[in-house]
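Novice: Handing you a structure now.
The values are calculated or read from the model by the stated rules, or taken from the named source; none is laboratory data. A quick note: this is a predicted structure, and the numbers were derived from the prediction, not measured. In this analysis, Cβ positions are derived from the backbone assuming ideal geometry, glycine residues included, and neighbour counts consider all displayed protein chains.
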Amino acid sequence: LGLVAGAASAQTYPQRPITMIVPFAAGGPTDVIARIVGDHMSRTLGQQVVIENVAGAGGTTGITRAAGAAPDGYTIMMGHMGTHGAAPALYPNLKYDPANSFDTIGMAAGTPIVIVAKKDYPAGDLKAFLAHLKANDTKTNMAHAGVGSVSHSTGVLFTSVVGIKPTMVAYRGTGPALNDLMSGQVDFMTDQIVNVAPQITGGTIRAYAIATPQRSPALPDVPTTKEAGLEGYEVSAWNAVFGPKGLPADVRAKLVDALNKALSDENTRKRLLDLGGVIPEGAERGPEALQKLVESEVARWTPVLKAAGAVAN
Ligand code: MLT
């Protein structure tokens, strides 16, 4: 009887709206990507994907909540390189294991990291920026979205590569952090391109470099870190959809299919590409690829953060 009930629920899944937990404040990169892919997933699934922002502790609060949700397909989450890569190194008592507490659905978008500052920062290019940072070390404020977030972990890496110790200012997401950067309340941050691209193009903040081997088509005038004279700082993040562990196979398959269709939809692709997002193709998509990515990212970030002296929270 259980099998029949299970099959029945999968055949009619979803019967009601699906909650996608975003573990940061509304308006930040994770939220923007969740709303873009969630919008198209709703169409395929025939039920609304409702975004719920659950911020705090660098994203680990929301992911912990999602990990404990019923594995019925009605609660999923948007995690990323911070929550499912950097967090274990920074939270000794983390309440979930990125590689074992979830059923992967698939990667949503890669997000190159951009070094951005308030628009009147007194440095004309990256070299001058780095010199000014070194001369004004602790007097400079670096924004981030909480210990273990992408902006925090890529920021820690940046400070260790450059050899500075700025004052680090935590926000509930880089959406709110960006507001303070635009008003000059905070000096700089290393953030995901999908959050900062519109403000860079609009001239309300300035970008010194993008930390990728090639420039982004969305920001053709922003030099790579290598071009701008900074060796050893190339880093990209990624955002991905997960469910709690134990989803019925048919339910998981429907979610994987809906994400895949979103990433193949022209309008959805345009919205992500216009913001500088990198869309996974072919073998990079789907649950198996994401599982491998999580395992490799946890292995990669743990020694990087330990070497950078990032103390546990
Ligand atoms: C981060 O990890 O920095 C987050 O992605 C920021 C956010 O989405 O608000």
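Novice: Among the residues of segment 194-214, write down those that are in a helix (DSSP H, G or I) and more than 18 Å from F129 (Cβ to Cβ). Full working, then the answer.
Specialist: So in segment 194-214, the residues in a helix (DSSP H, G or I) come out as 194-202.
Scanning segment 194-214 gives V194, N195, A197, P198, T201, G202.
The rows are residues; the columns are (1) more than 11 Å from the ligand (Cβ to nearest atom); (2) over 21 Å from T19 (Cα atoms); (3) touching a residue at least 24 places away in the same chain (Cβ under 8 Å).
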{"residue": "G68", "(1), (2), (3)": "yes, no, yes"}
{"residue": "G73", "(1), (2), (3)": "yes, no, yes"}
{"residue": "H80", "(1), (2), (3)": "no, no, yes"}
{"residue": "P92", "(1), (2), (3)": "yes, yes, yes"}
{"residue": "P98", "(1), (2), (3)": "yes, no, yes"}
{"residue": "S101", "(1), (2), (3)": "yes, no, yes"}
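Novice: Please identify the pairs in which a residue from segment 238-259 that is in contact (Cβ under 8 Å) with a residue 40 or more places away in the chain has its Cβ atom under 6 Å from the Cβ atom of a residue that is part of a loop (DSSP other than H, G, I, E, B) and within 16 Å of the ligand (Cβ to nearest atom), counting only partners at least 6 apart or on another chain.
Specialist: Listed pairs, sorted by first residue: W238/M81.
Novice: Can you name every residue in segment 167-180 that is surrounded by fewer than 24 Cβ atoms within 10 Å (Cβ to Cβ), touching a residue at least 24 places away in the same chain (Cβ under 8 Å) and either away from the ligand (no atom under 16 Å from the Cβ) or in a helix (DSSP H, G or I) (or both)?
Specialist: T167, G175, P176, D180
Novice: Here is a list: S160, S183, S236. Which entry is within 13 Å of the ligand (Cβ to nearest atom) and among the small types (G, A, S)?
Specialist: Result: S236 is the single residue among S160, S183, S236 that is within 13 Å of the ligand (Cβ to nearest atom) and among the small types (G, A, S).
Novice: Of the conditions (1) farther than 21 Å from P303 by Cβ; (2) within 16 Å of the ligand (Cβ to nearest atom); (3) in contact with a helix residue (DSSP H, G or I) (Cβ under 7 Å, 6 or more places away or on another chain); (4) not small (G, A, S), T204 fails just one. Which one is it?
Specialist: (2)
Novice: Follow-up. Within segment 44-62, take every residue that is without any contact (Cβ under 8 Å) to a residue 60 or more places away in the chain and part of a helix (DSSP H, G or I) and give me the one that is farthest from Y91 (Cα to Cα).
Specialist: The extreme case among them is G62.
Novice: Inside segment 109-149, can you point out the residues that are in contact with a His (Cβ under 7 Å, 6 or more places away or on another chain) and either away from the ligand (no atom under 16 Å from the Cβ) or part of a loop (DSSP other than H, G, I, E, B) (or both)? Even if it seems obvious, please write down each step before you answer.
Specialist: Within segment 109-149, the subset in contact with a His (Cβ under 7 Å, 6 or more places away or on another chain) is 122-123, 144-146.
P122, A123, A145, G146 - these are the residues of segment 109-149 that are in contact with a His (Cβ under 7 Å, 6 or more places away or on another chain) and either away from the ligand (no atom under 16 Å from the Cβ) or part of a loop (DSSP other than H, G, I, E, B) (or both).
Novice: Criterion first (closer than 21 Å to I279 by Cα, away from the ligand (no atom under 16 Å from the Cβ) and modelled with pLDDT of 95 or more) does L247 satisfy it? Full working, then the answer.
Specialist: Numbers: closer than 21 Å to I279 by Cα: no; away from the ligand (no atom under 16 Å from the Cβ): yes; modelled with pLDDT of 95 or more: yes.
Spelling it out, it is not the case that L247 is closer than 21 Å to I279 by Cα, away from the ligand (no atom under 16 Å from the Cβ) and modelled with pLDDT of 95 or more.
Novice: I've got another one for you. Any residue at all in segment 28-49 that is of a type in the set (S, T, Y), more than 26 Å from A86 (Cβ to Cβ) and either more than 9 Å from the ligand (Cβ to nearest atom) or under 15 Å from the mean Cα position of the chain (by Cα) (or both)? Don't jump to the end; show me each part of the working.
Specialist: Filtering segment 28-49 down to residues of a type in the set (S, T, Y) leaves 30, 42, 44.
Filter once more, keeping what is more than 26 Å from A86 (Cβ to Cβ): 42, 44.
Next, only the ones that are either more than 9 Å from the ligand (Cβ to nearest atom) or under 15 Å from the mean Cα position of the chain (by Cα) (or both) stay: 42, 44.
Taking every residue of segment 28-49 in turn, at least one turns out to be of a type in the set (S, T, Y), more than 26 Å from A86 (Cβ to Cβ) and either more than 9 Å from the ligand (Cβ to nearest atom) or under 15 Å from the mean Cα position of the chain (by Cα) (or both).
Conditions tested, residue by residue: (1) surrounded by 23 or more Cβ atoms within 10 Å (Cβ to Cβ); (2) under 17 Å from F242 (Cα atoms); (3) touching a Phe, Trp or Tyr at 6+ places or on another chain (Cβ under 7 Å); (4) among the charged types (D, E, K, R).
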| position | (1), (2), (3), (4) |
| --- | --- |
| T19 | no, yes, yes, no |
| S42 | no, yes, no, no |
| E52 | no, yes, no, yes |
| I63 | yes, yes, yes, no |
| T75 | no, yes, no, no |
| G85 | yes, yes, yes, no |
